[in-house]
1. Using only Cα atoms, find the angle between the long axis of helix 77-138 and the longest principal axis of the chain, and express it within 0 to 90 degrees, rounded to the nearest 10.
2. Pop out the Kirkwood hydrodynamic radius of segment 129-171 from its pairwise C-alpha distances, inverse of mean 1/r, in Å to one decimal.
3. Pull up the cross-link candidates among the lysines for Lys137, meaning alpha carbon to alpha carbon under 18 Å and not fewer than 8 places away within one chain.
4. For segment 7-195, max minus min Cα coordinate along each principal axis, in Å, sorted largest first?
5. With a cut-off of at most 13 other beta carbons within 10 Å, and DSSP calling the residue loop, which trypsin sites (Lys or Arg not before Pro) in segment 43-124 qualify? Please list them.
6. Straight-line reach from Lys192: which lysines have Cα under 16 Å away, leaving out those fewer than 8 places along the same chain?
7. Given only helices, namely DSSP H runs of n ≥ 4 each adding -39500 (n - 2.57), what is the per-residue ellipticity at 222 nm of the chain, to the nearest 500 deg cm²/dmol?
Amino acid sequence: MFTGGPCVSTLFKETEMNNPAEQIIAANKANLEALEGSAKKAYVGVEKLVDLNMAASKAALGESFSYAQAVLSVKTPQEFMTLQTSFFQPLAEKSAAYFQHVQSIATEGSADFVKQLEAGMADAQKAIGVSVDQLVKNAPAGSEAAVAAFQSALTQGQKAVETAQATIKKASATAQANFTAASKQTTDLVKKATKV
């Protein structure tokens, strides 16, 4: 019985991948792998956030007890005001640093997700394009108008996805810039308020 050699096997795989259904299945498998990678990265981001929150909680607890002990040892109202000022100024700076750290974790996670999503979308668009090309080649005579309408709709859909991706990137960059500016402004205001 002839089982074929490496050339026959390669030819079979190429023929198999020219089948639009096989291309779509391969694209779906790749998308599933990408989703798994995204889920793992999201989990890493959640772990970082939990670690940050645990460290911040531990530090806040220690500082609160130290502050309470210091308040109990205060003898005059002036000492109390000095103690309160010395407590709240670093607290504002630490809060701003905490929120900036949270934002960097979120930004890092979303940047990875967007990058992976864009790569997946590009691969899917490529696979769909190849499948459509195969369908066009194998379309029966007289179906040119329907094929052209389908190709036009597909092209418009791809343009809509690209526009949405660009809009999301722009909105994300704007939100990042606004958050950074607001954090700096809040920190500056708190510093001025505690100096008064």
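1. 0
2. The answer is 11.8 Å.
3. List returned: Lys126.
4. Principal extents (Cα only, largest first): 97, 35, 21 Å.
5. Numbers: sites: Lys48, Lys58, Lys75, Lys94, Lys115; in loops: Lys75.
For trypsin sites (Lys or Arg not before Pro) across segment 43-124 that sit outside H, G, I, E and B with at most 13 neighbouring Cβ atoms in 10 Å, the list reads Lys75.
6. Here the lysines satisfying the reach criterion relative to Lys192 are Lys94, Lys184.
7. On the way: 4 runs with 180 residues, N = 196.
Only helices count here, giving -34000 deg cm²/dmol.
Read-outs throughout are calculated quantities, based only on the coordinates presented, and are distinct from any laboratory measurement. The structure displayed is predicted, hence computed values, not measured ones. All Cβ positions, glycine included, derive from the backbone under ideal geometry; neighbour counts span all protein chains shown.
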